[in-house]
Amino acid sequence: MVPKSRPTRRPSAGSKRFISEKAERFTESVIRDMTRQAHLYGAINLAQGFPDFPAPAEIKRAAQQAIAADVNQYAITWGAKSFRQAIAAKMKKWQGLEIDPEVEITVCCGSTEAMIASLLAITNAGDEIVIFEPFYENYGPDAILSDARPRFVTLHPPADPAGEWRFDEHELRAAFGPQTKAIILNTPNNPTGKVFTRAELEFIRELCLEFGALAITDEIYEHILYDGARHISIAALDGMRERTITINGMSKTYSVTGWRVGWAVASPALTNAIRKVHDFLTVGAPAPLQEAGATALGLSDPYYQELAAAYRVRRDRLLPALQQAGFKTFIPRGAYYIMTDISPFGFPDDVSFAQHLVRDIGVASVPGSSFYSRPELGAHQVRFAFCKTDATLDEAGRRLLKARSR
Ligand SMILES: Cc1ncc(COP(=O)(O)O)c(C=O)c1O
């Protein structure tokens, strides 16, 4: 007689067994969750950093023309030649760096992909990556996905709101060691608005040379600068050309966050590794939008001056509105976010305050804790984005006044 086999218990589709340990170790993006909440409650979205005004007409026209001309198939996996040439020309003009577009540029699906592809290309399990905090929230999950161990170094807020966020040199040095593979830099910085000075970058350069580490620098806000701040690429400092991966993209400079076009610039050896990872992650970035990118990167100086001037007006519109509403504000020198101290409102933490704002006041912000390795570090901060029209910013300001008289 054939023994009856006992039915095997199959785990249900919802079972934890199917979820990787890596995926368990981070949450969904808080920023993008706040955007969903903004839709749900009909709130003004000052959470996510996307412009609510049109992209430049000539760039949109270039994209339309590329599609009409049937640039609709895969581009070369590491990027269309015309676009890579435009990236190299722009780096030469703005940073004085000679880049070989044939072997030193990888075009990716946004700087988001450029960052994770770079980390996957350089890290082995247990390698340490130094990250300043508060940090752009992707860097945490990026470190987990690439098996790297993050070493966080605090950017301390200024005591005087008009001052600058700073790192302590001893704390930064202490984070470097024999396992350090790289430091992630983001200048101009999201969320603090800090623009790293030449002296600070020189100090980081010294550490990279001493410990044989790379710098991965996210420069996506390079043209959004205020109050005379100057953007300096660490790749342009002595000895750093070969040990820097410079990441950038079209999203912020050309107001096209939905196009998903970014790039990584690195030495040929590093680029070779990044290109391999990129190929198997996404094959390539959208072909017609890379053609339009070549037009965008060729725009003349006034475009960039007007971009910074327009953001300055927006910054100076939201800052007083936040102050009037009772926030302590930190003045950004670059990028398009205002980090605030919410202590005056007397809420237990940033998450409950941000919930109150989105549900009861009608303005979505990002709780500060999402920018730190330990939530308590951001428990008294929330961030507002000001890449919005005057009308949006003014209405947000009117609504936020109600937060005061709760
Ligand atoms: C510092 C920083 N890096 C990267 C990104 C994402 O860029 P991309 O749209 O090119 O993926 C953002 C978006 O907010 C950002 O703030």
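The values are calculated or read from the model by the stated rules, or taken from the named source; none is laboratory data. As the structure is a computational prediction, the values presented were derived from the model and not from experiment. When the accessible area is computed, the model is the full protein with side chains, heavy atoms only, and any ligands, DNA or RNA have been set aside. Shrake-Rupley method; radii C 1.70, N 1.55, O 1.52, S 1.80 Å.
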TODO: Report CYS109's accessible area, 1.4 Å probe, all protein chains in place, as a number in Å² to the nearest 10.
DONE: 30 Å²
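Among HIS278, HIS39, HIS231, HIS380, what's the order by accessible area (1.4 angstrom probe), most exposed first? Spell out each step's value before the answer.
Numbers: HIS278 0, HIS39 145, HIS231 25, HIS380 90 Å².
Correct descending sequence by accessible area is HIS39, HIS380, HIS231, HIS278.
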TODO: Please work out the average accessible area per residue across the stretch 191-236, using the 1.4 Å probe convention, and give it in Å².
DONE: 31 Å²
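Need one number: % antiparallel among DSSP beta bridges in the chain, to the nearest 5.
Details: 19 of 40 bridges.
The answer is about 50 percent antiparallel.
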- [ ] Would you pull out the residues with amide H under 5 Å of ALA364's amide H, same chain only if 5 or more places away, H placed 1.01 Å from N?
- [x] ILE44, ASN45, LEU46, ALA47
Task: Per residue accessible area of the stretch 282-406, 1.4 Å probe, in Å² - done: 37 Å²
Open item on the list: I'd like the accessible area for LEU214: 1.4 Å probe, protein heavy atoms, all chains in place, Å² to the nearest 10.
Closed with: 30 Å²
TODO: State which entries of LYS16/LYS194; LYS22/LYS92; LYS93/LYS194; LYS16/LYS328 exceed 32 angstrom in Cα-Cα distance in the structure shown.
DONE: LYS16/LYS194; LYS22/LYS92; LYS16/LYS328
Open item on the list: Kirkwood Rh and Cα-based Rg: tell me the resulting Rg over Rh for the stretch 165-238, rounded to two decimals.
Closed with: 0.96
TODO: Count the DSSP beta bridges whose two residues both fall in the stretch 174-298, then state the antiparallel fraction as a percent rounded to the nearest 5.
DONE: 30 percent
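Scanning the chain for helices, which whole DSSP H stretches are 24 Å or more long along the axis (Cα) and average -1.0 or more by Kyte-Doolittle? Spell out each step's value before the answer.
Working: long enough: 301-324 (35 Å, -0.81).
The answer, listed by residue number, is 301-324.
Determine the order of SER300, SER233 by accessible area, beginning with the largest, at a probe radius of 1.4 Å. It would help to have the intermediate numbers written out before the result.
Working: SER300 70, SER233 5 Å².
Putting SER300, SER233 in descending order of accessible area: SER300, SER233.
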Open item on the list: For GLU133, GLU102, GLU306, give me the order by solvent-accessible area with a 1.4 Å probe, most accessible first, ignoring ligands, DNA and RNA.
Closed with: GLU306, GLU102, GLU133
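Using only helices, what value at 222 nm comes out for the chain when you add -39,500 (n - 2.57) per DSSP H run of length 4 or more and divide by the total residues, to the nearest 500 deg cm²/dmol? Kindly include the intermediate steps, with their values, before the conclusion.
Details: 13 runs with 156 residues, N = 406.
Mean residue ellipticity, 222 nm, calculated: -12000 deg cm²/dmol.
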Task: Whole-Hz ³J(HN,Hα) from phi, Karplus 6.51 cos²θ - 1.76 cosθ + 1.60, for the stretch 98-109, glycine and proline x - done: 8, 10, 8, x, 6, 10, 10, 10, 10, 8, 10, 7
Task: For the chain, alpha-carbon Rg over 2.2 N^0.38 Å - done: 1.03
Open item on the list: Under 5 Å between amide hydrogens, which residues at least 5 positions from VAL153 or on another chain qualify, with H placed 1.01 Å from N in the peptide plane?
Closed with: ILE131, PHE132, GLU133
Open item on the list: I need the phi-derived Karplus couplings for the stretch 362-367: 6.51 cos²θ - 1.76 cosθ + 1.60, θ = phi - 60°, integer Hz, Gly and Pro marked x.
Closed with: x, 9, 8, 10, 10, x
TODO: At 1.4 Å probe size, with no ligands or nucleic acids counted, give the accessible surface of SER118 in Å², nearest ten.
DONE: 0 Å²
Open item on the list: Under 5 Å between amide hydrogens, which residues at least 5 positions from ILE245 or on another chain qualify, with H placed 1.01 Å from N in the peptide plane?
Closed with: ALA215, ILE216, THR217
Open item on the list: Please report the spacing between the Cα centers of the stretch 306-380 and the stretch 231-304 in Å, no decimals.
Closed with: 29 Å
Task: Karplus (6.51, -1.76, 1.60) ³J(HN,Hα), θ = phi - 60°, over the stretch 160-165, in Hz, Gly and Pro reported as x - done: 8, x, 7, x, 10, 6
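Return the tail of the calculated pair distribution for the stretch 298-392, meaning the percent of Cα-Cα pairs more than 15 Å apart. Write out the running numbers ahead of the final one.
Working: 2810 of 4465 pairs.
So the pairs more than 15 Å apart make up 63 percent of the total in the stretch 298-392.
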Open item on the list: Rounded to whole Å, give me the distance from the Cα center of the stretch 53-95 to that of the stretch 108-152.
Closed with: 27 Å
